[in-house]
């Protein structure tokens, strides 16, 4: 058999930066990350493309850097999707088992799944993900009901949808580089696939990815994603708060946030001050440390509260035994896990990438883009397991690049 | 539950967004990649098209004029022709026969056509024409050897002597020593049939060749007296009739006990008749009968006799032959068999 290697680009067009990883997918389905590219993002506000040209330039720069780093060309892209425009809802359906002996057939499963996914969307919106919750057979949870005996089969889907125009904008940014988008993956699902172990998902875990412009979260229970969401607030809001509160430029505020920002207030001495630059040059000023911590922790606290509110009754500390897993660039803020633990009432920790991830990619800001590769490949493997049309050969691949 | 409920219309997903390329929405790198991809496709299409066209051209040229294919391979001019043969043909004959075009290159030559030209002469039994790179054509011939001659006329040309080989091929001999050619007996009693530009092969020449070959090696004196070999009765009673300077009709039997014994008997009979006083010229000797007695016919010395109606006279085994007519010539006993005679 001819060995065929595919080069997959994982792309996250974030509010503050564009991250690209290139994975080499071998015939034996082993994945090696062979290229990294980053670029400061432009033209993206709260996860949505606001300036197509600027966003394209930034994204393409990152793609080129990754290709140069890998020394090869990307065949297709797995693209992260985030933004406040994404919403979700839960819909479920139930069917009575059709067979006389009450044994569930593939047709029963197919029917209940189609019914559960059939809820109409508002005009101009389209589905990004259908996340199936575990089946229920006569009220009991079963991972695979095929050939089991029962009377009533239920299936439920958490459907993530968004406006077609905004989703298309993201896709067109990638198509402008003349690469096909093979998978569109919610950022929170990508981060969750990377950081939450199967045990965490089974026991219940909340993964929160706090980026610069948005905060993505996914709640796992019974081994599958129960709910996802996006809060259009992120680390850049902390910077903005500091800028407004302390009368600083964005750059100065960002610098202070990174050096002295915290998720919780630990400074007791309200008179303690910190230097802006620390070089005692002209323009270097002092700021009260307590104020900085107060501003950042208040915003972090608020973000968690919003997430908790969005989760609503779906979240309960009793059913989230694995706790809260934090990731994203803002998750590097000291004390943020303590804040999460206080807000959600469960243990909280910073997510850690698996051991196979290289040292330079273990930063929390890469968890989402790393997870794109993992989630994309696993979902494709599941799709390939189902009967489907035979994949086309090199000719279709060649024409697909046009 | 209604059919619509069981088969709800599928909801639109992000995969329904067309991923078409709009060049105006592309970055410079994207356009570069697009050009590269289009160039890639165009290149592949061109390569495939060129390959297909090449195959088509090759096939069509192969069918119409195969020499063009070889001509395209190289254009080194032919410098020399080397000849290797087991016969008498020389290089000048080969050059005349091949009639190579002037300044022809080695690869332009159609070896099959050249080989056919050589084989068409008849004198050449097999020919191998090969290229010896870079600029030499080698010709290896295996020639036929003439056994007899035959007078024939092709079209409106004057009758001339053709050579006949052991395998019955009739051809115009070339390069033979005239003295040697003159010693070959003429062939008679055969009907030449046109075949292509020449004649069809003659049956029975292998037997004639055996007879003449045995005579030439065993009794050269006798062989040199042979003038005409007739196959007129070959297909009737398997006999070959030879007219020599001494005997008008010597009949050899193909099915008899070998030409060597028959020639030995003939030699004995001729010796015996020469010893008679006065010598009795032999008109006919029939060696095809075999056994210890040979029918012979005598003619009058100096008398004109066509040998067709000889007077027959029966003589005893030991009696001297009568002056005129036929007789059974008794051969000596087995101990002094003519077959063991020292020629």
Which of rounded, prolate or oblate describes segment A:87-160 when judged by the alpha-carbon gyration tensor and an a/c cut-off of 1.5? prolate
Computed over chain A: longest principal axis from alpha-carbon atoms vs helix A:367-385 long axis, angle to nearest 10 degrees, is 0 degrees
Förster radius 56 Å - calculated FRET efficiency between residue B:221 and residue B:56 (Cβ-Cβ, nearest 0.05): 0.20
Within 10 Å of each Cβ in A:176-185, how many Cβ atoms from other chains are there, averaged over the peptide? 5
Inter-probe distance in nm under a simple model that places probes 7 Å from Cα toward Cβ, at residue A:107 and residue B:40: 4.5 nm
Ordered by fewest other Cβ atoms within 10 Å, a rough proxy for footprinting exposure, B:64, A:264 read B:64, A:264
Report, as an integer, the average count of C-beta atoms from other chains found within 10 Å of each Cβ along B:79-91. 0
GNM on chain A, C-alpha springs below 10 Å: top fluctuator among A:152, A:299, A:125? A:152
For segment B:110-188, diffusion coefficient by Stokes-Einstein and Kirkwood Rh (Cα), 37 °C, 0.692 mPa s, µm²/s: 233 µm²/s
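Would you mind classifying chain A by shape? Square roots of the alpha carbon gyration tensor eigenvalues, ordered a ≥ b ≥ c; an a/c under 1.5 is rounded, otherwise it is prolate if a/b is larger than b/c and oblate if not.
Oblate, because a/c is 1.5 or more while a/b does not exceed b/c.
Can I get the semi-axes of the protein assembly as shown's equivalent ellipsoid? Compute them from the C-alpha gyration tensor as square roots of 5 times the eigenvalues, in angstrom, largest first.
Over the Cα atoms of the protein assembly as shown, the ellipsoid semi-axes are 117, 32, 21 Å.
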Using Cβ counts within 10 Å as a stand-in for footprinting exposure, how do A:227, A:194, B:95 rank, fewest first? B:95, A:227, A:194
With everything on Cα atoms, drop me the angle between helix A:52-70 and the longest principal axis of chain A, reported from 0 to 90° to the nearest 10. 80 degrees
Please determine, in degrees from 0 to 90 and to the nearest 10, the orientation of helix A:235-246 with respect to the longest principal axis defined by the Cα atoms of chain A, where the helix direction is its Cα long axis. 20 degrees
Quick one: Debye curve from the alpha-carbon atoms of segment A:122-270 only, equal weights, vacuum; give me log10 I(q)/I(0) at q = 0.18 Å⁻¹ to two decimals. -1.14
Everything considered on the Cα gyration tensor (a ≥ b ≥ c; rounded for a/c under 1.5, else prolate if a/b is larger than b/c, else oblate), segment A:7-112 must be described as oblate
Would you mind computing, in nm to one decimal, how far apart the modelled labels at residue B:117 and residue A:165 are, each placed 7 Å from Cα along Cα→Cβ? 8.5 nm
CD proxy at 222 nm, helix term only [per DSSP H run n ≥ 4: -39500 (n - 2.57); per residue of the protein assembly as shown; nearest 500]: -10000 deg cm²/dmol
Distance between modelled label sites at residue A:94 and residue A:273, nm, 7 Å Cα→Cβ extension: 6.8 nm
Give the peptides A:43-53, A:275-285 in descending order of average Cβ contacts within 10 Å, highest first. A:43-53, A:275-285
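Taken together, the values in this text are just the output of simple stated rules run on the coordinates, not laboratory data. In this text, all values refer to a predicted model and were calculated from it rather than measured experimentally. Backbone-built Cβ (ideal geometry, glycine too); neighbour counts: all protein chains shown.
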